[in-house]
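First up is the structure itself, then whatever we jot down about it.
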Amino acid sequence: MKRHRKFPRPSAEAERLREVFTEAAYDVTPSAVPLAAIERAGLRRRRRRTAAVAGSACALLVVPLAVVALREAVSSGAGDEQATSPSGLPMTTVRVVTAGERVEVAHGIKIWLTEDGEHWSSPAGSGPRFTSVKAGATDPGEPGVTVRQEGAGDLGYFLSGLYRGENEAARVEVGTTSGQVAGTALTLAGDPHWGVWYAMVSTTKSIAPGTPVDVTRRVTVYDSAGGVIASTGTAR
């Protein structure tokens, strides 16, 4: 026969403590649930989460736009500060063109290259003109630079010429009576060891097209390592 375990009866002191706690519990009045405060806190948390998500989305949009802007600035040479050469001039534009491709230098002035030399048209002439790649040299392979100068009305002066040299051109610097300017170089694909340079020089007065001018002091063509490919004239 299984016997049930008997637990000792609580003492009078324990019974009294239980009664005291029971009475105290009945005397406690629950406070009202702060529903308005809870709602306000929930709204604040939702606003913070929404702002964080929006901020992250904006950041994801801004980063690609910044990359695109940087890429365009590098490829075009534009920016808050234009890239400069070691001499402090803006970097020369070197452009590879196809034979016969017209390049507009300024309004009314165009240049194009063919296998045998430079062609150009301007208000100073009645039609297209041509300079052979062999111009000014007894040896076509000999380094050299030719210079042509024309008045270009309100545009100032149009300076241009052919250059020849072993290495590819990376920079053209033109010394003029108005100071140093950066030229632009044109060349055909395949590294033919020659090309055309040009520059526009502004002036405070209008120069009639075709007017004889003498503003060029020195033209120097450099390669990417800073070596001189060809140069003409002396500093004056």
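The values are calculated or read from the model by the stated rules, or taken from the named source; none is laboratory data. Just so it is clear, the model here is predicted, and its values are computed rather than measured. Every residue, glycine as well, gets a Cβ built from its backbone with ideal geometry; the counts of neighbours run over all protein chains shown. Protein only, heavy atoms only, side chains kept; ligands, DNA and RNA dropped before computing areas. Shrake-Rupley method; radii C 1.70, N 1.55, O 1.52, S 1.80 Å.
Data for the structure
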item: VAL97 accessible area, 1.4 Å probe, all protein chains in place, Å² to nearest 10; result: 10 Å²
item: Contour minus Cα-Cα distance for SER202 and GLU15 (0.36 nm per residue); result: 56.3 nm
item: Segment ASP214-ALA135, extension gain: residue separation times 0.36 nm, minus the distance between their alpha carbons; result: 26.5 nm
item: Accessible area of ASP191 in the full protein assembly, 1.4 Å probe (Å², nearest 10); result: 60 Å²
item: Estimated FRET transfer efficiency (SER126, ALA189; beta-carbon r; R0 35 Å; 0.05); result: 0.65
